[in-house]
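Note sheet for the following structure.
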Amino acid sequence: MIKLYELSGKNNIRFSPYCWRTRMALNYKKLDFKTVPVKFTEKKLIEFSNQKLLPVLVDQNAIVSNSFDIAIYLDKKYPANQKLFTKSDMSFDIFINQWADKMLNGALIKIVINDITNHLDPKDKDYFIDSRTKRFGIPPESMADKSTDSLNQLYKYISFLNSILEKQEFISGDDIGYSDFIIAGSLKWGMQVCDITLIDEKNKKMLDWYNQIEKLFMK
Ligand SMILES: N[C@@H](CCC(=O)N[C@@H](CS)C(=O)NCC(=O)O)C(=O)O
């Protein structure tokens, strides 16, 4: 059976946006899989993948890391199951992946960074604070920002996404596709750890879209 190594926090909470993207992709393709929780300080568990980030997917002899590469792998390996990439080329999904990682996750991280810290065991907490201080140049505590300005930046992006859903049913077009899981994964990351409303009521299409995806694929 397929094994999905996923980042896990305190009380087994799964909050990684990238791991959620892969989990939704597997559920969408109706593939059986089991998950292996990996904490920040348990990277030994994925040493066999020769890199240090989650998700990692193991399928018989195949070891694949990076959520986008995993999605490509799944469509290639299981072409008879519903396709994640529905267009003739991947340029749209590449754009959405980059946009979500840089812009949407960038807006979210400031809002949720302290909440992530609070969902970690003490050992992982120390690792997270050190590694993020190195990455961002300031400690999570100083970076955390739930001000109106910070929320408005996120809501601007949510409203942009809502405007797409006013024209078509899914981010990917008339049919659901991997780009929907990219965006939904980022939002799930925030919603798992933070109790602030991340999709405001004004953006009704987005709210309905997210609830539908959560119900069907975030299992
Ligand atoms: N581009 C990669 C990013 C993977 C990534 O950054 N994963 C994070 C979890 S959200 C991770 O494993 N972090 C471990 C660490 O920071 O030590 C993907 O799409 O899979």
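Filtering Asp121, Asp175 for residues that are under 30 Å from Ile2 (Cβ atoms) and touching a Lys or Arg at 6+ places or on another chain (Cβ under 6 Å) leaves a single hit, Asp121. When segment 7-55 is limited to residues that are in a strand (DSSP E or B) and within 9 Å of the ligand (Cβ to nearest atom), the one that is nearest to Thr86 (Cα to Cα) turns out to be Leu7. The lone criterion from (1) farther than 21 Å from Lys39 by Cα; (2) touching a residue at least 12 places away in the same chain (Cβ under 8 Å) left unmet by Thr117 is number (1). Checking the structure you have, find out if any residue of segment 85-104 is within 11 Å of the ligand (Cβ to nearest atom), in contact (Cβ under 8 Å) with a residue 40 or more places away in the chain and part of a loop (DSSP other than H, G, I, E, B). Taking every residue of segment 85-104 in turn, none turns out to be within 11 Å of the ligand (Cβ to nearest atom), in contact (Cβ under 8 Å) with a residue 40 or more places away in the chain and part of a loop (DSSP other than H, G, I, E, B).
Can you say whether Leu207 is crowded, with 17+ Cβ neighbours inside 10 Å and away from the ligand (no atom under 16 Å from the Cβ), as far as the supplied structure shows?
In short, yes.
Only the coordinates and a few stated rules stand behind these numbers; no lab work does. The structure presented is a predicted model; accordingly, all values stated were derived computationally and were not measured. Note that each Cβ is placed from the backbone with ideal geometry, even for glycine, and that neighbours are counted across all protein chains shown.
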